[in-house]
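Step one of this worksheet: look at the structure below.
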Ligand SMILES: [Zn+2]
């Protein structure tokens, strides 16, 4: 009897779920703020601090937080500005759509204002070509504009609302491609047309009609010329211009012409946006850095931004607040003595029952207290078992130890001896373990705890360096842990590439409803602490000297620490942590962590790693037959 009731209930709830699903949208808007603005008739644009409300022949600039009027621009009566429409802020300028609406034949132009002073500074005319320009946006490194046609003038023009066109332009306003709108959307526009448009935080194009309380979510089609409708979502505005807040990604601004009001709404997306791999084109990444850069012009503004990003990264990695720190219970054994350094095999618990495994390199020269350096490895496989066992890792760690630092090389989850999860065996740990970045960052934080727990370590001289995925660990750890004094991220600081692995970008650390960032800006969170960024000419760091580094340098300059950041760019080199990159790193750490470079120079005064003994993998293992992994080790993770 009970089973039967249960079965019926399950069936009913299943049907109910289907009904809810058919009523619901993947996206939902919730109004979060509104304020009056007499100009709220045509369009809107937004930057980090202000809202630009566009009327037919006037623009009002309002404080985003308070809704207070800051500045106003008014066109002349019977002047050249006839009908302004929606726009966008780009590089400190307001770009607005403009047309001769309601006249036919239709002409259009882009009108440009200095966003700070609201002074008209430029114009580009499209002439009589496509229709009536109703909105302009900047996305993916390109300009986008809609050109409307209207059923109500079909008799005069021969073209109804279905002739409305979306056009993509390059930086010189050359048209590159164009699309029309799907019938379902055009029929909702009629007898008017597409009035507002703005590319959203999820990479979809959001458009409005003339007066409906809904947005049309669309995307560029894989084939053909018709935009693809994804869904129609209700929103508490009445058509007209819309603008996504690019710095507070899930917030969209719109207007209610009828009430002369500006309305801010938050979108709830059905899943977080992950910025992974080549998330951006190089052009889009450049635009984005420019946008970030416009949002901070002094140290106070950067500090606010930096705090927001730190919190965003930690929340994205589910490390806000930190989990409770357990005892490290270190296991250290099998000390080998070489010329100028020793090597030991080490494990400690980063979480109860989870062991971080690695090797500890110590100087033999007594020079207490010692600087300490963390060496996370990248996704580099063979030789010698890959990861921390590779010869280039051993050269790096042992040479730094010979220079006078205590160095810890540790396995990334799933690599080397980090194999305790039976449900995630290498290499699956990196392919399938969705929360790898959470555990990986936590392990790095605990590795700093471990180094500081060694009483001969100077807690004020902690460094970190790694290449590729180890470079990602380097800048993520430096960004969120102020105990790191000096960092050297190698071949990874890129504005357009976000790391291809779950341990780098598998959780929303780069974008949430409250923050948006890229790895160049995350690297800048090291400021004012000394940082050497090593890049090369053949991977995603090829633009570093021209794109990422100047941006990071600007932030260091704001922190009065320009001399603390350097870029070593090796144009002819590739994606590795080879000798010439290590040489740059040795010199930088020697300078900033008071290490001895003379300890590693040969008779020709060259940096010489030949004293380092490359060990076989077996010798470096912390867990072996004589030293089994403790019985309390956890065996699986979700
Ligand atoms: Zn990884």
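Quick notes on this structure:
- Based on Cα atoms of segment 28-270, Rg over Rh with Rh as the Kirkwood radius reads 0.93.
- Each Cα pair under 8 Å and six or more residues apart adds its separation to the average, and for segment 67-198 the resulting relative contact order is 18 percent.
- Taking Cα atoms only, the orientation of helix 469-480 departs from the longest principal axis of the chain by about 80 degrees.
- Beta bridges per DSSP, both residues in segment 454-539: antiparallel share near 10 percent.
- Per residue, the convex hull around the alpha carbon atoms of segment 152-302 comes to 169 Å³.
- Among beta bridges from DSSP that stay inside the chain, the antiparallel ones total about 80%.
- Cα-based helix-to-principal-axis angle, 548-558 vs the chain, degrees rounded to 10: 90 degrees
- Compactness of the chain as Cα Rg over 2.2 N^0.38 Å, two decimals: 1.12
- Here the translational diffusion coefficient of segment 435-588 follows from Stokes-Einstein with Rh set to the Kirkwood radius across Cα pairs; for 4 °C and 1.567 mPa s it amounts to 83 µm²/s.
- Placing a pseudo-label 7 Å from each Cα along the Cα-to-Cβ vector at residue 156 and residue 28 gives an inter-label distance of 4.5 nm.
- Where labels lie 7 Å past Cα in the beta-carbon direction, separation of residue 223 and residue 77 in nm: 5.8 nm
- All Cα pairs of segment 452-520, percent lying beyond 16 Å: 52 percent
- Extents of segment 392-471, taken as max minus min of Cα coordinates on every principal axis and listed largest first, are 39, 26, 20 Å.
- Computed E for residue 364/residue 538 - FRET, C-beta separation, R0 30 angstrom, nearest 0.05: 0.20
- Working from Cα pairs under 8 Å separated by at least six residues, relative contact order for the chain is 11 percent.
- Mean residue ellipticity (222 nm) of the chain, computed from DSSP H runs ≥ 4 via -39,500 (n - 2.57), nearest 500: -7000 deg cm²/dmol
- Axis of helix 2-23 versus longest Cα principal axis of the chain: the two differ by about 60°, to the nearest ten degrees.
- Part-to-part distance (alpha-carbon centres) for segment 363-441 and segment 32-82, which is given in Å: 54 Å
- Calculated from the alpha-carbon coordinates, segment 317-364 shows an Rg and a Dmax of 14.4, 44 Å respectively.
- Pair residue 483, residue 325: separation of 7 Å Cα→Cβ label points (nm): 0.5 nm
- FRET efficiency estimate (nearest 0.05) - Cβ-Cβ, residue 605 to residue 333, R0 35 angstrom: 0.40
- Here the relative contact order of segment 28-270, from alpha carbon pairs under 8 Å that lie six or more residues apart, stands at 20 percent.
- Length gained when the stretch residue 104-residue 629 is fully extended (0.36 nm per residue, less Cα-Cα span): 180.9 nm
Rule-based calculations on the coordinates, nothing more; no lab input. Quick caveat, the model's predicted, so the values are computed rather than measured. Note: ideal-geometry Cβ built from the backbone for every residue, glycine included; neighbour counts use all protein chains shown.
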